Amino acid sequence: MSTIVIKAENLSKYYKLGVINNGTLFRDIQTWWDLKRGRPDRHSRIGSSKYNQNTNGFWALKDLNFEIHQGDRVGIIGKNGAGKSTLLKILSRITAPTEGNVKIKGRVASLLEVGTGFHGELTGRENIYLNGAILGMKKKEVDRKIDEIIAFSEIEQHIDTPVKRYSSGMYVRLAFAVAAHLDSEILIADEVLAVGDASFQKKALGKMNDLSTGEGRTVLFVSHNMAAVQTLCNNGFLLNKGKILYSGEIDKCIYNYLNSTQESCPLKDMKNRTGNQNFKFTSMTFLDKYDRNCESVISGDFLRIKFEYEKKDFINMNNMIFSISLSDDYQKFVATFITDEMQTKNENLNNYFYLDIDELNLGGGTYNIRLFSSYLNTGIDDVCDCIDIAGTLTVLAGDFWRTGQNNRPRQEAMLKAHYII
């Protein structure tokens, strides 16, 4: 049985909404005293309010209970605002919990944001010794590691330059090299690796994997890149509004994240549409390979889109043509799925049909969806329904060639799709 290195019991963090901020503690106390006595704030300016008397707050984390064992590679995923960064700050002892407690066995090296723990006036070399001292290491211990750290960071030419002159990429290279090579039992990495280029991201993920499997270090990794999380981690936490929705195997954790909250997208009352409305799209729903609702899809995975519709009685579905197009932020169409004829022998009393995309081989990003319907082999006057932006689809970067890194396929691979009615 492996050793438990992190154990949280009823871990909670509460933040108040509203601050006093006059620049000095003495003035803050004066403002607080004025407000306490019901008098005007002596430091307030006309037309401004430095103090929000709203006493409400919110729980960034609420009643978290979990255990992390030595050598685990744990991916922490969730939407923005789910509580991921707050959890890492508590584990890094940057902030204290409001309720509950967390027990940590071993030294923690954190990489929470670019430049954290660095002094801008010190050189890269001096900051390596500074970070070693923060971890409780002696100078001789850092001396043994420093050449390896500098080589890994690939910034040898600039190592004796003050870090205030570093680019964000140089910052993160050095910061990760320091965190990964100094003696700590637990490595915590937030989204900062997104700043580095593709080759360094791959190198960093390989290093974290080596630390865990080869040296028995525990790694906590936060990222919105599901391919990176899936490649590195063996277990995961899914956070939502400060609570753990799922804890367990990383593959199940990712699928629960992708399929957690998405409902159908209503189209019935959309105003930005053209056509005679004899046929009308009323809703659009994304489904995964398990036929569960999903809000995003990993690049290269199967995707089913369910369309519900209304039509006039005289409309025959055998004589309809549909076009579903995906475009990027620059309004460039990257994929279009067209059917010349619906393969049906009945009147489809269910009033819905599917578009099955066997492999959605698109790069990570958000894509706009355009819907079009018309009678078959007729003129433009017979357009039934056209919605230029019916909704958006979020695609998460994925490793669909199984090369261990995010990649983009040939364009013709995007057309493996068919309609089912």
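The values are calculated or read from the model by the stated rules, or taken from the named source; none is laboratory data. Predicted model, so just to flag it, every value in this text is computed and none were measured. Because the Cβ atoms are built from the backbone with ideal geometry, glycine has one as well, and the counts that use them run over all protein chains shown. SASA here: full protein model, heavy atoms, side chains in, ligands and nucleic acids out. Shrake-Rupley method; radii C 1.70, N 1.55, O 1.52, S 1.80 Å.
If you go through segment 206-229 and keep only what is over 22 Å from Ser2 (Cβ atoms) and part of a helix (DSSP H, G or I), you end up with Gly206, Met226, Ala227, Ala228. Quickly run through segment 266-281 and pick out the residues that are in contact (Cβ under 8 Å) with a residue 60 or more places away in the chain and either buried (at least 19 other Cβ atoms within 10 Å of the Cβ) or not in a strand (DSSP E or B) (or both). Correct list: Leu267, Met270, Asn272, Gly275, Asn276, Gln277, Asn278, Phe279, Lys280, Phe281.
Note on segment 59-92: residues that are in a strand (DSSP E or B) and not acidic (Asp, Glu) total 14. Of the residues Asn209, Asn234, the single one that is at pLDDT below 85 and surrounded by fewer than 21 Cβ atoms within 10 Å (Cβ to Cβ) is Asn209.
In segment 130-153, the residues that are in a helix (DSSP H, G or I) reach residues that are charged (D, E, K, R) and open to solvent by less than 60 Å² (accessible area, probe 1.4 Å) with C-beta atoms within less than 6 angstrom, at least six apart or across chains, in these pairs: Ser153/Arg173. Can Ser184 be described as part of a loop (DSSP other than H, G, I, E, B) and in contact with a strand residue (DSSP E or B) (Cβ under 7 Å, 6 or more places away or on another chain)? So Ser184 fits the description; yes.
Selection of segment 174-195 for residues being small (Gly, Ala, Ser) and open to solvent by 40 Å² or more (accessible area, probe 1.4 Å) yields only Ala194. One residue stands out in segment 1-31 among those that are at pLDDT 75 or above and not in a strand (DSSP E or B): the one that is most open to solvent (accessible area, probe 1.4 Å), namely Ile29. Of the residues making up segment 47-69, those that are at pLDDT 55 or above and over 16 Å from Ser12 (Cβ atoms) number 4. Within segment 159-173, the set of residues being of a type outside the set (S, T, N, Q) and either open to solvent by 10 Å² or more (accessible area, probe 1.4 Å) or under 30 Å from Lys7 (Cα atoms) (or both) comprises Asp160, Pro162, Lys164, Arg165, Tyr166, Gly169, Met170, Tyr171, Val172, Arg173.
Results for (1) at pLDDT below 90; (2) in a loop (DSSP other than H, G, I, E, B); (3) in contact with a Gly (Cβ under 8 Å, 6 or more places away or on another chain); (4) open to solvent by 60 Å² or more (accessible area, probe 1.4 Å), shown as yes or no for each residue.
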{"residue": "Ile94", "(1), (2), (3), (4)": "yes, yes, no, yes"}
{"residue": "Gly100", "(1), (2), (3), (4)": "no, no, no, no"}
{"residue": "Gly106", "(1), (2), (3), (4)": "yes, yes, no, no"}
{"residue": "Gly115", "(1), (2), (3), (4)": "yes, yes, no, no"}
